[in-house]
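Engineer: Encoded as structure tokens, here's the structure I'll be asking about.
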Amino acid sequence: MLGIIQASRAKAFETVNVALIETYWSIGKQLSRKVNEADWGKGIVKELVDWLGKQAPDLKGFSASNLWRMKQFYETYAELPKLATLLRELSWSKHLLVPSPLGHAVPLLQTLRS
């Protein structure tokens with residue numbers, strides 16, 4: 001019985017994680033387009049963060065720096081559709097080694113922070 005509970009719990013965590021990564025990917029994509037097409041910058045993103053905070057005060061994890069990381073996440077892997085699909089299946093918070101576009105392995109979060 002414990003095995004059933006643990007397997008179901010792991011599946012639930014995986015499903016939530018995929019949904020979060022898809023959310024981060026979509027936000028990053030939208031921000032990337034707005035920055036490129038509408039000249040959005042730090043001021044507009046800060047306004048967006050403030051607006052989100054007013055609309056949903058209990059919403060966590062959507063600071064200006066996190067939104068910029070989501071944009072960077074999208075831009076780093078958008079040109080690599082097979083890798084981008086795989087990355088959306090992996091945990092956002094883990095230190096992962098993934099091939100970079102330059103052909104060598106680097107920690108994912110280090111790439112996102114640089």
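Engineer: Against the condition farther than 26 Å from Ala10 by Cα and modelled with pLDDT under 90, how does Ser100 come out, does it pass?
Structural biologist: On the way: farther than 26 Å from Ala10 by Cα: yes; modelled with pLDDT under 90: yes.
The answer is yes for Ser100.
Engineer: Right, next: What's the total number of residues in segment 43-57 that are open to solvent by 40 Å² or more (accessible area, probe 1.4 Å) and of a type in the set (Val, Ile, Thr)?
Structural biologist: 1
Engineer: Please enumerate the residues belonging to segment 1-26 that are among the hydrophobic types (A, V, I, L, M, F, W, C) and either touching a residue at least 60 places away in the same chain (Cβ under 8 Å) or under 14 Å from Tyr77 (Cα atoms) (or both).
Structural biologist: Hits for segment 1-26 are Val18, Leu20, Ile21, Trp25.
Engineer: While we're on this one: Criterion first (open to solvent by 60 Å² or more (accessible area, probe 1.4 Å) and basic (Lys, Arg)) does Lys71 satisfy it?
Structural biologist: no
Engineer: Still on this model: Please go through segment 43-60 and give me each residue that is part of a helix (DSSP H, G or I) and not aromatic (Phe, Trp, Tyr), ordered by number.
Structural biologist: Selection gives Gly43, Ile44, Val45, Lys46, Glu47, Leu48, Val49, Asp50, Leu52, Gly53, Lys54, Gln55.
Engineer: What is the one condition in (1) surrounded by 11 or more Cβ atoms within 10 Å (Cβ to Cβ); (2) aromatic (Phe, Trp, Tyr); (3) in a helix (DSSP H, G or I) that Trp40 does not satisfy?
Structural biologist: Of the numbered conditions (1) surrounded by 11 or more Cβ atoms within 10 Å (Cβ to Cβ); (2) aromatic (Phe, Trp, Tyr); (3) in a helix (DSSP H, G or I), the odd one out for Trp40 is (3).
The values are calculated or read from the model by the stated rules, or taken from the named source; none is laboratory data. Bear in mind the structure is a predicted one, so any value in this text is a computation, not a measurement. Cβ atoms come from the backbone with ideal geometry, glycine included; neighbour counts cover every protein chain shown. Protein only, heavy atoms only, side chains kept; ligands, DNA and RNA dropped before computing areas. Shrake-Rupley method; radii C 1.70, N 1.55, O 1.52, S 1.80 Å.
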